[in-house]
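Novice: Once you've had a glance at the structure underneath, I'll fire off some questions.
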Amino acid sequence: MIYLDNSATTKVLPCALEAAVNAMTENYGNPAAVHSFGKQANDILENARKDITSALGVKKGTLVFTSGGTESINWAINFAADKNKHKGKHIVSTKIEHAATLETLKALATKGFEVTLVDPERDGSVSLDKIKAAIREDTILLSIMAVCNETGAVLPYADAAKYMKQVNKDAFVHVDGVQGFMKINMPLDNVDFLSISAHKIGGVKGIGALYIRDGVKITPMLHGGYQDMGLRSGTQAVPQMAAFGAAAKYHAEHFAEDTARMDEVRRYCIERLSEIEGSVVAVSEHQAPHVVNVGFKKGRSEVIIRVLSDKGIYVSGGSACAKGKKSHVLLAMNRDPKAIDSSLRISLSEENTKEEIDIFIDTLKMAMKMFR
């Protein structure tokens, strides 16, 4: 099996699995219990929080666990809009955001908020100048991803966040860091909220987190027993949290070597893709090390993916959330319609090799011969 769909989800790391199993079979107490067994579970939880915040380079008390990236994104955007609605109703984002962001903004638009979505460039990047032009004095929220999940383009979120605060110091900045966490360096100056997810970095599914800048008083997501600093009540999912912490710690310790290895394989993949006539690769000046998006002048994604899948090679046609729809990202980039219909997203982990890319390219060449 050659798995090249790591932007959709990743294999659970051995250290993450071990941490989860331990929290289910050895230290399985309720972390809210006052007895020592509960305290042991709570210690595991807090150590996981510490490992994640350490990987982010932020204070431990600024991270709340959620069910995943989608919940974190929804929570941050909805809170920011409601909190600042008396100061203005203008929100800025981009057309290439994840559906979790775009659908949340669409819902806010029905409530009277004005949403400006910045167009991407043809290479998948987003111009900082265009973001600056969209920001106004009455802009109350900038929500922007760090890395595009479909093309791997790194967006200028840090400079955009700085400019947002210069124009309106009371505006909130939310960054979707789901694809950027442990793939690129992510400075969080001027960032109020950062959404991340465990299963993109070798943790288990069903757990994510929201970084909240120190000093921001966010409205609780859930009310109840005051878990997670009273911000998200409910019995905490210690096994998932433990696995998330273990995965974050592992990647923080191996960050430089793993990202360098992925980037080398990514560049090799792009080189080999150039051998296929009519291939169009989306490459911007600033790229994450793990994503390649390619389209062709002929063929259809679903057919190519099926042929590759029959050979045990797994890629996607774009976001795993798109469910066969045309990519809104590629449409916004004005990619040729034929290249959109035939687009593939190849997304890497630190385990993928050049040898696997060779097998993938050879099989892809065979698949492309089907189309005349």
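Novice: Answer yes or no: is there a residue in region 334-354 that is small (Gly, Ala, Ser), closer than 18 Å to Lys183 by Cα and out of contact with any Gly (no Cβ under 7 Å at 6 or more places or on another chain).
Specialist: Yes, there is a match, as at least one residue in region 334-354 is small (Gly, Ala, Ser), closer than 18 Å to Lys183 by Cα and out of contact with any Gly (no Cβ under 7 Å at 6 or more places or on another chain).
Novice: Then there's this: So Gly124 fits all but one of (1) farther than 23 Å from Leu348 by Cα; (2) out of contact with any Pro (no Cβ under 7 Å at 6 or more places or on another chain); what number is the exception?
Specialist: (1)
Novice: With the structure loaded, tell me whether Glu271 is in a helix (DSSP H, G or I) and over 23 Å from the mean Cα position of the chain (by Cα) or whether it fails that test.
Specialist: So Glu271 fits the description; yes.
Novice: Kindly establish whether Gly299 is more than 30 Å from Lys50 (Cβ to Cβ) and without any contact (Cβ under 8 Å) to a residue 60 or more places away in the chain.
Specialist: Against the criterion (more than 30 Å from Lys50 (Cβ to Cβ) and without any contact (Cβ under 8 Å) to a residue 60 or more places away in the chain), Gly299 does not qualify.
Novice: Suppose the filter is in the same structural domain as Lys205 (by TED's automatic domain parsing), in a helix (DSSP H, G or I), of a type outside the set (S, T, N, Q) and within 23 Å of Met145 (Cα to Cα); does Phe65 pass it?
Specialist: It is false that Phe65 is in the same structural domain as Lys205 (by TED's automatic domain parsing), in a helix (DSSP H, G or I), of a type outside the set (S, T, N, Q) and within 23 Å of Met145 (Cα to Cα).
Yes or no, residue by residue, for (1) farther than 16 Å from Ile144 by Cβ; (2) over 17 Å from the mean Cα position of the chain (by Cα); (3) not basic (Lys, Arg):
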position	(1), (2), (3)
Lys85	yes, yes, no
Thr94	no, no, yes
Thr110	yes, yes, yes
Phe113	yes, yes, yes
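Novice: Going by the conditions given, is Ile346 crowded, with 23+ Cβ neighbours inside 10 Å and touching a Phe, Trp or Tyr at 6+ places or on another chain (Cβ under 7 Å)?
Specialist: no
Novice: Under 26 Å from the mean Cα position of the chain (by Cα), in the same structural domain as Asp138 (by TED's automatic domain parsing), farther than 30 Å from Met145 by Cβ and crowded, with 17+ Cβ neighbours inside 10 Å: does that describe Ile73?
Specialist: no
Novice: Then there's this: Hey, any hits in region 84-91 for a residue that's part of a strand (DSSP E or B), outside the structural domain of Asp358 (by TED's automatic domain parsing) and either in contact with a Lys or Arg (Cβ under 9 Å, 6 or more places away or on another chain) or within 21 Å of Val175 (Cβ to Cβ) (or both)?
Specialist: Yes, the conditions are met somewhere in region 84-91.
Novice: Could I ask something else about it? Counting just the residues of region 175-215 that are within 10 Å of the chain's Cα centre (by Cα) and hydroxyl-bearing (Ser, Thr, Tyr), which one comes out nearest to Leu231 (Cα to Cα)?
Specialist: Filtering region 175-215 for residues that are within 10 Å of the chain's Cα centre (by Cα) and hydroxyl-bearing (Ser, Thr, Tyr), the one nearest to Leu231 (Cα to Cα) comes out as Ser195.
Novice: Follow-up. Take the residues of region 18-29 that are surrounded by fewer than 18 Cβ atoms within 10 Å (Cβ to Cβ) and under 30 Å from the mean Cα position of the chain (by Cα): which is farthest from Glu350 (Cα to Cα)?
Specialist: Tyr28
Novice: I would also like to ask the following. Go through region 252-265 residue by residue and tally those that are surrounded by 15 or more Cβ atoms within 10 Å (Cβ to Cβ) and either more than 18 Å from the chain's Cα centre (by Cα) or without any contact (Cβ under 8 Å) to a residue 40 or more places away in the chain (or both).
Specialist: Counting residues in region 252-265 that are surrounded by 15 or more Cβ atoms within 10 Å (Cβ to Cβ) and either more than 18 Å from the chain's Cα centre (by Cα) or without any contact (Cβ under 8 Å) to a residue 40 or more places away in the chain (or both) gives 3.
Novice: How many residues does region 124-176 contain that are aliphatic (A, V, I, L, M), assigned to a loop (DSSP other than H, G, I, E, B) and farther than 25 Å from His290 by Cα?
Specialist: 2
Novice: For region 322-372, please list each of the helices (runs of 4 or more DSSP H) lying entirely inside it that holds at least 1 residues being closer than 17 Å to Ile276 by Cβ, of a type in the set (A, V, I, L, M, F, W, C) and under 23 Å from the mean Cα position of the chain (by Cα).
Specialist: 337-341
Novice: Among what's in region 30-60 and is in a helix (DSSP H, G or I) and of a type in the set (Lys, Arg), pick the residue that is surrounded by the most Cβ atoms within 10 Å (Cβ to Cβ).
Specialist: Looking at the filtered set, the residue picked out is Arg49.
Novice: Moving on. Can you name every residue in region 161-214 that is crowded, with 24+ Cβ neighbours inside 10 Å, out of contact with any strand residue (DSSP E or B) (no Cβ under 9 Å at 6 or more places or on another chain) and over 21 Å from Pro14 (Cα atoms)?
Specialist: Result: no residue meets the conditions.
Novice: Being on the phi < 0 side of the Ramachandran plot and surrounded by fewer than 24 Cβ atoms within 10 Å (Cβ to Cβ) narrows it down to one of Thr94, Thr110, so name that one.
Specialist: Among Thr94, Thr110, only Thr110 is on the phi < 0 side of the Ramachandran plot and surrounded by fewer than 24 Cβ atoms within 10 Å (Cβ to Cβ).
Novice: If you don't mind, another one. Look at Met182 and say whether it is touching a residue at least 40 places away in the same chain (Cβ under 8 Å), touching a Gly at 6+ places or on another chain (Cβ under 6 Å) and more than 17 Å from Glu46 (Cα to Cα).
Specialist: no
The values are calculated or read from the model by the stated rules, or taken from the named source; none is laboratory data. No experiment lies behind these values; they were computed from the predicted model shown. Here Cβ is always computed from backbone atoms with ideal geometry, including for glycine, and neighbour counts include all displayed protein chains.
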